[in-house]
Amino acid sequence: MIDQAIRQMDFSYVPYSRFRVGAALLAKNGKLYTGCNIENAAYTPTNCAERTAFFKAVSEGVTEFDGICVVGGKDGVLTDYASPCGVCRQVMMEFCDPDEFQIILAKSRQEYKIYTLRELLPQGFGPADLA
Ligand code: THU
């Protein structure tokens, strides 16, 4: 997953920030859905790498996931961990069990940290709250 996420940064469309982000999302069916960030001249339509991966999967009828790997850095250089933004955490909350879904933040194949969604989005609001 780390390799796939790193590879995705090649496709990042980032003429404004030059900050490349790659994601690899593992579905429960075993398939890996990749994503990159896609920026826009009007700024707000920008889509994060994580959401690109989620929306690719959901648009193909896949809505159950085990985990996601995220990497990112200026010009694709992984000097630090790239942590999902609040909007992406909320999208994860829609489809994932917060105590089971794992978020892997990586700087290399050897350097990574794993969090549950609950750890990154405590007290999150999700579908169960509307049931
Ligand atoms: N970005 C992501 O792709 N994922 C995140 O979770 C944080 C931010 C992107 C959006 C934008 O293209 C660039 O990083 C700088 O914010």
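What the table shows:
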quantity	calculated
Size of charge dipole - the chain - debye, nearest 20, with Cβ of Lys, Arg +1 and Asp, Glu -1, no other charges	400
Rg to Rh quotient for the chain, alpha carbon positions, Kirkwood Rh	0.95
HN-Hα J in Hz across region 99-113 - Karplus 6.51, -1.76, 1.60, θ = phi - 60°, x for Gly and Pro	8, 10, 5, 10, 10, 9, 9, 10, 10, 6, 4, 8, 10, 8, 10
Net charge, ARG89 excluded, C-beta distance under 11 Å - Lys, Arg +1, Asp, Glu -1	-1
Mean separation of Cα contacts under 8 Å, 6 or more apart, over the residue count of region 31-124: relative contact order %	22
Leading residue at positive end of dipole, the chain (Cβ point charges), from LEU78, VAL62, LEU130	LEU78
Region 43-116: radius of gyration over Cα atoms, expressed as a fraction of 2.2 N^0.38 Å	1.13
Computed E for GLU100/ALA41 - FRET, C-beta separation, R0 41 angstrom, nearest 0.05	0.60
Nearest-ten-degree value, helix 86-95 long axis tilted from longest Cα axis of the chain	40
Computed FRET value (nearest 0.05) for GLN110 with LEU130, which takes r as the C-beta separation and R₀ as 41 Å	0.50
Peptide ranges 9-16, 20-27 listed from the most packed, as the mean C-beta count within 10 angstrom indicates	20-27, 9-16
Distribution of pairwise C-alpha distances over region 31-79, 5 Å bins, in %	5, 18, 26, 21, 17, 10, 4, 0
Helix-only CD estimate at 222 nm, as mean residue ellipticity for the chain, using -39500 (n - 2.57) per DSSP H run (n ≥ 4)	-6000 deg cm²/dmol
All aspartates and glutamates inside 17 Å of LYS113 as judged from Cα atoms, apart from same-chain residues fewer than 8 positions distant	ASP3, GLU50, ASP66, ASP80, ASP99, GLU100
Low-density loop cleavage sites - trypsin sites (Lys or Arg not before Pro) in region 93-130, where at most 11 other Cβ are within 10 Å (DSSP)	ARG109
Potential extension, SER17-THR63 segment - 0.36 nm per residue separation minus Cα distance	13.5 nm
Simple label model, 7 Å out from Cα along Cβ direction - LEU32 to LYS74, nm	2.9
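Read the figures in this text as sums done on the coordinates, not as results from a lab. Fair warning: this is a prediction, and the values are worked out from it, not measured in the lab. When we count neighbours, we look across all protein chains shown, and the Cβ atoms used for this are built from the backbone with ideal geometry, even at glycine.
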